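**Q** Got a structure here, written out as C-alpha cells. Questions coming.
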Amino acid sequence: MDKPIILIVDDKPLNIEFIAKLMMDQYDIRVATNGEECLTLVQSITPALILLDILMPIKDGFTTAQELKATYRTKDIPIIFITSSMDEESIEKAYALGASDYITKPFKPKELLARVDREIKLNTLVKELDRQVKIEVEKNLKAQKLLIQQSKLAEMGSMIGIIAHQWKQPLNILALNIQSLKTRYNNNQLNENSIDMIIKKFLTQIDFMSHTIDDFKNFFSISKEKMEFKVDEEIQSVIKILESKIDSHAIEISINKKFDCSITSYRNEFKQALFNIINNMIDIFDERAIENPHIKIDIEYDDMDCIITLEDNGGGIVQTLLPKRLFEPYVTTKGEKGTGIGLQITQDIINNSFNGKIEASNVDNGAQFIITLPLNT
C-alpha cells in the first residue's frame, strides 16, 4: 500500500531534513523550498497534507495557502503551518486562510507526528463518509420510488460538508483562545476580568454552533401540516443554511422584494425546493471557477400568483437540457457529483404541493429559474 504523501514547504534545509527524517518511515516525503515551488508541485501530485512555513522568499506561506484554498484541485488538502511566528495575529490569519492546525517552533517531535496523523485520519474519514453517503444514496434511488423524503438522503452528503464548514471557524477560534491561555498565564496576564472575557468568547462560539445544529434539524423535520409563511423569510432561512458555502466562494446574493408574498402551504418543502436550486448554482460556480459569482432573487406578484425569479452568472444550462429535460430524473448538470434528482424533486414539490410551476432558461451568461406559486394553495 502506498504511503500518504506529505509535502514539506520550508526555505531552511536543516528544518526540511529534520522533519523529513522524523516522518520518512510513515510517509512519502516531498519537498519545496518556497511557495512557488509548492504550487507547481501540487499540479502533479496530491499530498495528503502540507506542512507549510510562513516566512519564505519568492512567495510566503500565507499567500501560498490562500492560492491553494482558492484552487479547486487543492482546496481540500489539509494545511498545517509550522513556523516560528507566535503572535496571535499570525495564528488568526492562518486559521482564517483555512489552516487545519498551527504549530510553533521549536516543537516536540512526538507532538508533530501525532497532529499530522490526526489530521490525515480526520480528512480520510470525511472522504470515506462522503463516499459512503453517495453509495447509500445511489442504492436507495435505484431501489425505491422517488419521494420527497428520499431526496433528503441525496442532500445529506452536501449537508455534512456544510455543517463541517459552518463549525470550522468557531472551532478555530476556540482553539486560538485555548492556545493563548498558556501564553497569557506565563506573562501574568490572567485575572478575573480576562478569564470572564475568554469564557464569554467560548460561550459565544458554542452558542453559534448550537444554533447551526438547530437550523439543520428544523430543515430536515417532517411536517405535512399547512402553515402560513412569508416567502422572503424562508429564502433568507435557506441562505443562512448555505451561508458557509456562500461565504467561502465569495458569492454575492441580492434579494429584491417587490411584493410581500405570504403563502399557506408546506413550509419545509418550499425550503427544500429553494435549497436544491441555490445549492446547484453554488456547485456550478465552484465547478466552473466563476469569477465574481452572484445570485439575484426577485419576488413579485402577478394575478394572484407569487413569482420568484432566481438568476445566476454561472455560464448557463446546457442547451440540450432545456426547456424540460432538466427536470427529468437522473439528469444532472454536475457530472459525477450530481444524483440527478434534486431538480426533479423541486419540480414535484412546486407542481404537486403548491399547484405551481417552475421554468428554466438561460439569460445573460447564466441560468434563470422562475417559480410561480398561487397565493391560495
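**Q** If R115 passes every condition in (1) outside any helix (DSSP H, G or I); (2) surrounded by 14 or more Cβ atoms within 10 Å (Cβ to Cβ); (3) in contact with an Asp or Glu (Cβ under 7 Å, 6 or more places away or on another chain) but one, which one does it miss?
**A** The one condition R115 does not meet is (1).
**Q** Could you check, for region 259-268, whether at least one of its residues is buried (at least 19 other Cβ atoms within 10 Å of the Cβ), among the charged types (D, E, K, R) and part of a helix (DSSP H, G or I)?
**A** Yes, because at least one residue in region 259-268 is buried (at least 19 other Cβ atoms within 10 Å of the Cβ), among the charged types (D, E, K, R) and part of a helix (DSSP H, G or I).
**Q** Now for a different question. S221 - would you say it is modelled with pLDDT under 65, farther than 23 Å from I295 by Cα, surrounded by fewer than 14 Cβ atoms within 10 Å (Cβ to Cβ) and of a type in the set (S, T, Y)? Spell out the reasoning first.
**A** Values: modelled with pLDDT under 65: yes; farther than 23 Å from I295 by Cα: yes; surrounded by fewer than 14 Cβ atoms within 10 Å (Cβ to Cβ): yes; of a type in the set (S, T, Y): yes.
Judged against the criteria, S221 is a match.
**Q** Hey, could you check region 336-358 for residues that are buried (at least 17 other Cβ atoms within 10 Å of the Cβ) and over 14 Å from N280 (Cβ atoms) and say which is modelled with the highest pLDDT?
**A** Once the filter is applied, the top-ranked residue is G356.
**Q** Name the single residue, out of those in region 277-333 being of a type in the set (D, E, K, R) and assigned to a loop (DSSP other than H, G, I, E, B), that is nearest to I235 (Cα to Cα). Reasoning before the result, please.
**A** Looking only at region 277-333, we keep the residues that are of a type in the set (D, E, K, R), and these are 283, 286-288, 291, 296, 298, 300, 302-303, 305, 311-312, 324-325, 328.
Going one step further and asking which of them are assigned to a loop (DSSP other than H, G, I, E, B), we end up with 291, 303, 324, 328.
Working: E291: 24, D303: 22, K324: 24, E328: 25 Å.
Applying the filter and picking the extreme gives D303.
**Q** Please state which one of K226, K127 is at pLDDT 75 or above and in contact with an Asp or Glu (Cβ under 9 Å, 6 or more places away or on another chain).
**A** Answer to the selection: K127.
**Q** Continuing with this model, one more query. Can you tell me which residue among A20, A70, A48 is outside the structural domain of D286 (by TED's automatic domain parsing) and touching a helix residue (DSSP H, G or I) at 6+ places or on another chain (Cβ under 8 Å)? If you could, list the steps in order and put the result at the bottom.
**A** Numbers: A20 fails: touching a helix residue (DSSP H, G or I) at 6+ places or on another chain (Cβ under 8 Å); A70 fails: touching a helix residue (DSSP H, G or I) at 6+ places or on another chain (Cβ under 8 Å).
Only one candidate qualifies: A48.
**Q** Let me ask something additional. Restricting attention to region 200-218, which residues are modelled with pLDDT of 65 or more and charged (D, E, K, R)?
**A** Result: K200, K201, D207.
**Q** Of (1) in contact (Cβ under 8 Å) with a residue 24 or more places away in the chain; (2) over 26 Å from A96 (Cβ atoms), E233 satisfies all except one. Which?
**A** So the condition that E233 fails would be (1).
**Q** Further, regarding this structure: I'd like to know if region 241-252 contains one or more residues that are under 22 Å from L326 (Cβ atoms), in the same structural domain as A367 (by TED's automatic domain parsing) and modelled with pLDDT under 90. Show your work before the answer.
**A** The initial filter retains those residues of region 241-252 that are under 22 Å from L326 (Cβ atoms), namely 242, 245, 251.
Narrowing the set further to residues that are in the same structural domain as A367 (by TED's automatic domain parsing) leaves 242, 245, 251.
Subsequent filtering for residues that are modelled with pLDDT under 90 retains 242, 245.
Yes - at least one qualifying residue is present in region 241-252.
**Q** Please work out if R288 is farther than 16 Å from F369 by Cβ and modelled with pLDDT of 90 or more. It would help to see each step written out before you state the result.
**A** Numbers: farther than 16 Å from F369 by Cβ: yes; modelled with pLDDT of 90 or more: yes.
Yes; evaluated as a whole, the condition is true for this residue.
The values are calculated or read from the model by the stated rules, or taken from the named source; none is laboratory data. None of the values given here were measured: they were computed from a predicted structure. Virtual Cβ from ideal backbone geometry, glycine too; neighbours counted across all protein chains shown.
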